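Student: This is the structure I want to talk about, given as structure tokens.
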Amino acid sequence: MASVSLTLLFALFAPLTAYRGVAYDSYNWGSVQGHFSVIRQRFDTVRTYQTYLYNYNAIDVAAQNNLNIYAGVWIRGGLDFNTDLQAAVAGAKRNPNTVRAVFIGNEDLNNGWSVSQVTSAINQARGAFAAAGLSSIRIGTVQTDGAWLSNPGLADVCDVVGVNIYPFFGASAQSVSDPISDLSARWNAIYSKFGGKAMITETGWPFGGGNYGNHVSNYANAQSYFNQFVNWANNNGGEAPIYFMFHDNPSKGGFEAQFGLANQDAQWKYDFPSLVGGSSSSSTTQTKGLQMTTANMVLKAANGGVSFQNPPSDKSGTWTFSGNSVKNQATGECLDAWQGWNGGSVHTWSCDSNNGNQQWSYDSSTKQLRHKSFNGFCLDIGSNNGASPYLWQCHDTSDYWVRCAKHNSHR
């Protein structure tokens with residue numbers, strides 16, 4: 001059955017804060033539990049470069065700390081690929097709702113690997129997850145923006161395209177004078193090529209350790225760049241922009257050792273607001289006036305069912321997003337999906353914050369409603385002429401009849 005992507009329109013208020021995450025270097029893996037607890041103070045998502053942490057599994061520790069995770073599998077020496085891959089599979093099997101995606105490798109094309117080698121590793125990982133009954137887990141890889149633009153075909157084997165962009169290492173004059181604009185220009189080049197598949201998986205600015213050309217590393221510049229990134233990421237950078245990084249790694253030396261928002265002892269270098277968004281179970285964020293639209297129709301709730309109809313005169317076509325729940329303003333019931341497969345039924349049910357069937361997250365880059373319990377599935381429909389919605393594997397939203405009038409684009 002062909003499916004049609006939905007577009008979500010926030011008709012009256014600003015959109016929900018996107019997931020924002022931070023990258024984690026596991027060089028002192030023995031402290032990972034404490035580190036993830038500190039990360040959870042201010043972020044709801046973490047990205048790792050490996051999953052196998054000897055006595056720990058990064059996915060398990062993320063789940064224990066109520067963090068979403070983009071789990072890494074390392075492919076470039078120093079750690080056995082199969083060991084790390086099996087750890088990722090096992091962790092995802094135990095905690096499927098914690099894993100947003102799995103990234104195979106990091107900047108490998110810039111480190112002597114060929115596209116065919118990376119592709120082979122991705123395909124091996126996809127096979128391992130499928131064999132474990134986890135084919136809905138998204139698989140991708142992380143490369144620099146230059147490597148992606150030079151090798152766009154690699155994206156064909158990826159569900160998600162992770163891109164690392166650093167104005168600090170940029171070649172343009174703008175990367176020195178206005179680094180966030182440099183980031184934006186380079187991100188736009190990636191987004192125009194790969195669309196909603198793409199997301200920022202690393203960007204940052206060092207707090208010290210020496211300069212790179214005319215790029216000056218100091219506290220003032222690092223704080224300024226991070227603060228600007230936070231605002232920029234509200235509308236850019238894909239589904240969950242990731243900042244580099246959580247804590248300093250002194251063994252790297254120079255400016256490479258001082259990208260951390262926290263020092264090597266996991267103490268924040270300065271005070272900044274929590275960036276925890278819609279995924280926090282304790283979040284009180286509420287957005288009113290949410291309408292889910294396709295063509296000129298909106299999602300309406302009535303008698304426990306939902307369907308796309310012409311905009312009604314009452315509140316049955318208006319929803320409130322609070323925490324992870326999507327509540328209809330007319331019925332007081334929540335959007336509920338209990339069948340995690342293509343075509344799985346969707347209806348409304350008495351709201352229960354502990355009911356996994358009612359857990360959703362808004363993807364600001366594609367304007368889709370993603371189900372948190374059934375990883376990789378979105379609210380969808382099969383016709384632009386009005387129909388009952390269902391769950392379907394999330395896919396590109398470029399269908400020609402999908403429009404988002406009077407709505408700022410989120411990229």
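Student: Restricting the range 93-122 to residues that are touching a helix residue (DSSP H, G or I) at 6+ places or on another chain (Cβ under 6 Å) and among the aliphatic types (A, V, I, L, M), which is farthest from V46 (Cα to Cα)?
Tutor: Filtering first and then ranking leaves V115.
Student: Take residues that are of a type in the set (S, T, N, Q), within 26 Å of F229 (Cα to Cα) and free of Cβ contacts under 8 Å to residues at least 40 places away in the same chain and tell me which of the strands (runs of 3 or more DSSP E) falling wholly in the range 18-117 contain 1 or more. Working first, answer last.
Tutor: Working: elements: 21-24, 45-48, 68-73, 99-106.
Output list reads 45-48.
Student: Now for a different question. Working carefully through the options T98, T83, find the one that is farther than 15 Å from G140 by Cβ and surrounded by fewer than 21 Cβ atoms within 10 Å (Cβ to Cβ).
Tutor: Details: T98 fails: surrounded by fewer than 21 Cβ atoms within 10 Å (Cβ to Cβ).
After ruling out the rest, the residue left standing is T83.
Student: Can you tell me which of A257, A189, A185, A198 is more than 16 Å from the chain's Cα centre (by Cα), closer than 29 Å to R126 by Cα and either among the aliphatic types (A, V, I, L, M) or not assigned by TED's automatic domain parsing to the domain that holds L109 (or both)? So that I can check it myself, show each step before the final result.
Tutor: Numbers: A257 fails: closer than 29 Å to R126 by Cα; A185 fails: closer than 29 Å to R126 by Cα; A198 fails: more than 16 Å from the chain's Cα centre (by Cα).
Just one listed residue meets the conditions, A189.
Student: Moving on to the next point. Return the only residue of R126, R76 being touching an Asp or Glu at 6+ places or on another chain (Cβ under 6 Å) and surrounded by fewer than 23 Cβ atoms within 10 Å (Cβ to Cβ). Reasoning before the result, please.
Tutor: Working: R126 fails: touching an Asp or Glu at 6+ places or on another chain (Cβ under 6 Å).
On inspection, the qualifying residue turns out to be R76.
Student: Please go through the range 236-271 and give me each residue that is part of a loop (DSSP other than H, G, I, E, B) and closer than 28 Å to G196 by Cβ, ordered by number. Even if it seems obvious, please write down each step before you answer.
Tutor: Residues of the range 236-271 that are part of a loop (DSSP other than H, G, I, E, B), as a first pass: 236-241, 244-246, 248-249, 253, 258-261, 263-267, 269-271.
Scanning the range 236-271 gives N236, G237, G238, E239, A240, P241, F244, M245, F246, F259, L261.
Student: Anything in the range 258-273 that is surrounded by fewer than 18 Cβ atoms within 10 Å (Cβ to Cβ) and in contact with an Asp or Glu (Cβ under 6 Å, 6 or more places away or on another chain)? List them, or say none.
Tutor: Hits for the range 258-273 are N263, Q264.
Student: Could you check the range 350-393 and list, in sequence order, the residues that are at pLDDT below 75 and small (G, A, S)?
Tutor: S364, S365, G382, S383, G386, A387
The values are calculated or read from the model by the stated rules, or taken from the named source; none is laboratory data. Keep in mind that what you see is a predicted model, and the values were worked out from it rather than measured. Methodologically, a virtual Cβ is constructed for each residue, glycine included, from the backbone with ideal geometry; neighbour enumeration extends over all protein chains shown.
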